[in-house]
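Before any comments, here is the structure.
Derivation of every value follows stated rules applied to the coordinates shown; laboratory data play no part. It should be emphasised that the depicted structure is a prediction, and the values quoted were computed from it without experimental measurement. We place every Cβ from the backbone using ideal geometry, glycine too, and count neighbours over all the protein chains shown.
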Protein chains: 4
Amino acid sequence: MRTPQVLINFKAYENSFGPKALDLAKGLDKLSKEYGVEITVSVPATMISRINEAVEIPVFAQHVDPSPIGAHTGSVIPEMVKEAGAKGTLINHSEKRMRLDEIAEAIARSKSLGLETVVCVDRYELVHPVALLGPTAVLIEPPELIGSGIAVSKAKPEVITRAVEEVRKVSGVYLLAGAGITSGEDVEIAIKLGSEGVGVASAVMKAKDPVKVAEDLVKGAIRGMEGRRALIK
Amino acid sequence: MRTPQVLINFKAYENSFGPKALDLAKGLDKLSKEYGVEITVSVPATMISRINEAVEIPVFAQHVDPSPIGAHTGSVIPEMVKEAGAKGTLINHSEKRMRLDEIAEAIARSKSLGLETVVCVDRYELVHPVALLGPTAVLIEPPELIGSGIAVSKAKPEVITRAVEEVRKVSGVYLLAGAGITSGEDVEIAIKLGSEGVGVASAVMKAKDPVKVAEDLVKGAIRGMEGRRALIK
Amino acid sequence: MRTPQVLINFKAYENSFGPKALDLAKGLDKLSKEYGVEITVSVPATMISRINEAVEIPVFAQHVDPSPIGAHTGSVIPEMVKEAGAKGTLINHSEKRMRLDEIAEAIARSKSLGLETVVCVDRYELVHPVALLGPTAVLIEPPELIGSGIAVSKAKPEVITRAVEEVRKVSGVYLLAGAGITSGEDVEIAIKLGSEGVGVASAVMKAKDPVKVAEDLVKGAIRGMEGRRALIK
Amino acid sequence: MRTPQVLINFKAYENSFGPKALDLAKGLDKLSKEYGVEITVSVPATMISRINEAVEIPVFAQHVDPSPIGAHTGSVIPEMVKEAGAKGTLINHSEKRMRLDEIAEAIARSKSLGLETVVCVDRYELVHPVALLGPTAVLIEPPELIGSGIAVSKAKPEVITRAVEEVRKVSGVYLLAGAGITSGEDVEIAIKLGSEGVGVASAVMKAKDPVKVAEDLVKGAIRGMEGRRALIK
């Protein structure tokens with residue numbers, strides 16, 4: 001996973017699958033190349049192979065079941081999403097919460113296959129515990145702000161600041177921030193607060209021109225990184 | 001859904017996805033045409049579109065979540081599997097049991113999209129209740145025989161007989177039988193007992209030559225139907 | 001279960017357990033005797049034995065797990081609630097939905113111990129299927145009206161009428177109606193529409209004087225039965 | 001929670017509730033006083049108040065739902081078990097696994113009420129993450145040894161050693177060990193390896209004379225502590 005990261009979760013909207021989803025992914029792919037900022041798309045299981053064939057940006061699953069290879073009808077397991085071309089997967093999204101033992105197993109199984117994992121949590125107290133399980137990144141999303149249009153980076157900057165402190169207790173794990181992220185400014189602030197990127201969904205998926213919104217986010221990500229570099233100097 | 005029906009559930013074995021799964025589906029497609037018996041394959045969500053492009057036999061999902069279009073990260077909803085090319089879906093498989101309200105919702109939502117539904121139950125007492133919900137078929141599988149190699153049609157013929165009586169209380173719903181089905185003879189008996197076909201998984205998926213095993217099952221299905229016609233005369 | 005039935009679900013409010021719950025149960029017990037109308041209370045697992053010792057009206061559990069006797073830490077199984085004095089149990093409440101196989105198992109296990117079962121459903125399409133599983137009663141509650149104060153009997157009388165038709169397809173199963181029931185008039189209408197009683201929760205539990213509200217409901221139940229008898233003559 | 005701790009989980013056996021459970025709890029109460037070793041019993045929700053009235057040893061719930069006070073039919077919430085007399089609760093038992101967010105919430109809610117929490121995990125990798133959530137103790141139980149009669153302390157001593165190292169990364173959290181603990185010797189070893197006590201179920205509950213088995217465990221606990229003190233000198 002490259003930073004700054006703009007992770008766009010397609011969810012299950014009417015443009016999250018089928019030709020509209022393919023078009024959107026292609027637009028994001030072009031955007032990513034143009035600005036040199038990594039955009040990752042997490043897409044429905046039925047779309048992974050088709051989107052992956054059409055783009056070069058990383059494609060993620062939205063969920064994996066930790067079941068092993070075997071008699072597990074209806075499970076979407078790490079081996080399946082990898083075979084379909086996924087580079088990683090979301091785990092424990094607020095719309096698909098998992099048991100603790102399943103989170104640990106899903107991370108371990110995904111890692112052993114070379115899949116990246118972004119584990120979602122709803123409060124900073126869970127950042128350090130989850131980081132200890134060895135994911136690629138922890139994505140913190142205060143649930144009350146999800147889909148609200150009120151950005152976590154503006155409404156609750158202390159959540160990001162604290163989450164960044166927590167994630168740093170474990171080396172090699174990124175902290176992403178999400179919930180209510182709508183504009184480039186929201187992204188810029190989130191990154192200046194110490195996150196390595198953002199998770200976004202409705203602001204892009206429900207926009208009239210999703211790629212244009214994504215472009216604004218990407219620009220914000222660039223400004224955010226410049227701001228951090230300026231601080232270091 | 002045409003009868004006699006041979007429904008082959010791919011589950012999550014190592015040949016259930018990727019190139020091996022595609023080859024197997026193609027082999028079953030050829031077999032189906034050769035004998036004029038409908039073979040349906042229920043495959044992992046990540047494989048629906050690719051298998052559907054490669055074959056003409058009906059491709060089913062193994063499960064659908066009844067969530068509506070919207071913010072439902074990680075859900076595989078009826079609209080998604082339909083878009084990917086599925087003609088129908090399994091519901092409430094023994095490895096993916098669902099809540100009663102979710103079963104009702106999944107059947108209703110799938111139907112409204114023109115998807116067929118095969119609802120799995122573990123006892124004949126559930127056949128009539130589930131048939132009332134309006135699925136295409138009810139698949140009865142005594143759980144203690146699943147994957148056992150001991151066919152329900154031989155070990156517990158009364159389960160099929162009773163299930164057939166139950167399903168007939170609702171018009172227009174098929175009864176399929178499964179669990180331990182291994183040979184053409186098992187299929188033949190199941191159909192002579194009144195079922196409209198069988199559900200099979202491990203006997204095919206774990207065979208050295210899965211298509212050959214499937215051929216034996218298909219032949220049994222034909223003999224079963226001939227036996228029923230002979231009885232009627 | 002006697003009819004007309006006034007089933008008061010204590011839920012998990014601050015007066016649903018402890019001394020307040022005991023006092024309330026005693027008040028309802030007195031009320032039931034005074035009017036000769038059966039009031040059943042469904043109470044938290046921790047309260048069953050204590051409330052049952054203090055009153056003569058039937059005490060129900062709010063849920064049972066269908067696990068058998070054995071290594072099932074944290075399960076509240078039918079044998080436990082029976083031992084504690086429960087006469088029956090709610091099953092599949094909208095706040096505790098269950099899998100279809102678990103509902104069937106919970107009804108069967110409860111019945112074998114002589115426990116009554118009231119199975120909750122959210123739509124009339126589920127009344128007949130659930131009635132076939134052999135519960136004592138089906139309680140229909142349109143979810144959008146639960147806790148709304150807008151009574152199902154006034155806002156959606158056709159839901160009750162239709163549910164009554166459905167339940168009559170199976171002999172020996174009662175139909176109760178719930179959701180938004182607040183006044184004696186609501187109960188009266190529900191019974192005149194053909195239900196054998198009502199399920200109530202918040203209107204009683206959140207009232208300043210819960211027993212007084214219950215008294216109004218009981219009076220409505222009596223008027224409802226009188227209305228039905230008048231119709232028959 | 002006092003150490004050494006002998007935590008006896010009653011599970012859902014036929015002697016886990018009713019008069020047999022009361023007798024057993026009284027026997028353990030007497031034993032605890034005789035030896036001066038704390039025995040905690042985790043009992044079904046329906047038994048908490050009755051057992052708590054009959055004994056002085058700490059009574060625990062086997063599970064709590066993290067739902068708040070309110071409309072949560074069928075939930076057993078921290079406030080309820082506290083009101084019934086529980087001093088604490090098991091959380092995330094292998095027979096009642098919970099979602100990560102629910103574990104965090106159940107610990108936080110229980111703590112705020114003064115309830116102790118013993119969180120079960122199946123592998124040492126989860127000890128540190130769970131300890132960070134602030135429970136009273138983490139109980140490690142390799143699932144393959146549960147109910148096996150093969151003690152974790154003999155078969156997998158490294159699991160305990162490693163878990164002890166992990167728990168010490170967070171101050172103020174105890175480590176208990178369980179799975180297959182059958183004899184006083186098993187307890188002695190577990191404590192010498194650094195655990196502060198053990199969790200036991202079937203070895204006591206399924207014994208002909210459960211109190212006698214418990215006595216052996218208590219003696220082992222005493223020897224274990226003596227062994228540790230000897231080492232320190």
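Rounded to the nearest Hz, the phi-derived 3J(HN,Hα) couplings of the stretch B:27-32 under the Karplus curve 6.51 cos²θ - 1.76 cosθ + 1.60 (θ = phi - 60°) are x, 5, 4, 4, 4, 4, where x marks glycine and proline. Per-residue 3J(HN,Hα) values for the stretch D:77-90, derived from phi via the Karplus relation 6.51 cos²θ - 1.76 cosθ + 1.60 with θ = phi - 60°, read 9, x, 4, 5, 5, 5, 4, 6, x, 5, 8, x, 7, 6 Hz in sequence order (x marks Gly and Pro).
Computed FRET efficiency, Cβ-Cβ of A:LYS212 and B:LYS206, R0 45 Å: what is it to the nearest 0.05? My answer for the efficiency is 0.30.
For chain A, modelled as a GNM whose springs connect Cα atoms under 10 angstrom apart, the maximal fluctuation among A:ALA12, A:ALA25, A:ALA201 occurs at A:ALA12. Among A:LEU126, A:LEU100, A:LEU22, the largest mean-square fluctuation in a Gaussian network model of chain A (Cα springs under 10 Å) belongs to A:LEU100.
For the protein assembly as shown, the mean residue ellipticity at 222 nm estimated from helices alone is -12500 deg cm²/dmol, where every DSSP H run of n ≥ 4 contributes -39500 (n - 2.57) and the total is divided by all residues, rounded to the nearest 500. For C:GLN62, the residues whose amide H sits under 5 Å from its own are C:VAL43, C:ALA45, C:LEU90, ignoring neighbours fewer than 5 places away on the same chain, with H placed 1.01 Å from N. Rounded to the nearest 20 debye, the dipole size of chain D about its Cα centre is 400 debye, using +1 on the Cβ of Lys and Arg and -1 on the Cβ of Asp and Glu. Counting Cβ atoms of other protein chains within 10 Å of each Cβ in C:120-130 and taking the mean gives 4.
Please work out the C-alpha center-to-center distance from the stretch D:175-207 to the stretch A:74-135 and express it in whole Å. Using only Cα atoms to place each centre, the spacing works out to 33 Å. Taking the number of Cβ atoms within 10 Å of each Cβ as an exposure proxy, the fewest-first ranking of B:TYR13, D:TYR124 is B:TYR13, D:TYR124. With a 10 Å cut-off around each Cβ of D:12-19, the average count of Cβ atoms from other chains is 6. For A:GLN5, the residues whose amide H sits under 5 Å from its own are A:GLY197, A:VAL198, ignoring neighbours fewer than 5 places away on the same chain, with H placed 1.01 Å from N. Across chain A, the mean sequence separation of Cα contacts (distance under 8 Å, 6 or more residues apart), normalised by length, yields a relative contact order of 18 percent. Taking D:LYS219 as the anchor, which aspartates and glutamates have their alpha carbon closer than 13 Å to its alpha carbon, excluding any fewer than eight residues away along the same chain? Counting by Cα, and skipping residues close in sequence, D:LYS219 has these aspartates and glutamates nearby: D:GLU34, D:GLU38, D:GLU185, D:ASP186, D:GLU188.
The charge dipole of the stretch B:1-98, taken about the Cα centre with unit charges on the Cβ atoms of Lys, Arg (+1) and Asp, Glu (-1), comes to about 140 debye, rounded to the nearest 20. Take each residue of peptide C:157-165, count the partner chain Cβ atoms within 10 Å of its Cβ, and average: the result is 0. Approximating the spin labels as points 7 Å out from Cα along Cα→Cβ, the B:LYS26-to-A:GLU165 distance works out to 6.0 nm.
Each of C:PHE10, C:CYS120, C:MET225 was placed along the dipole of the stretch C:5-232 (beta-carbon charges, centred on the mean Cα), and the one lying farthest toward the positive end is C:MET225. Evaluating 6.51 cos²θ - 1.76 cosθ + 1.60 at θ = phi - 60° for every residue in the stretch A:205-215, the Karplus couplings come out as 5, 9, 6, 4, 10, x, 5, 5, 4, 4, 4 Hz, glycine and proline recorded as x. What sits nearest the axis between copies C and D, counting only chain C Cβ atoms, is the residue and whole-Å distance C:ALA45, 2. Between the amide H of D:GLY149 and those of D:GLY180, distances stay under 5 Å, these residues lying 5 or more places away or on another chain, with hydrogens modeled in the peptide plane.
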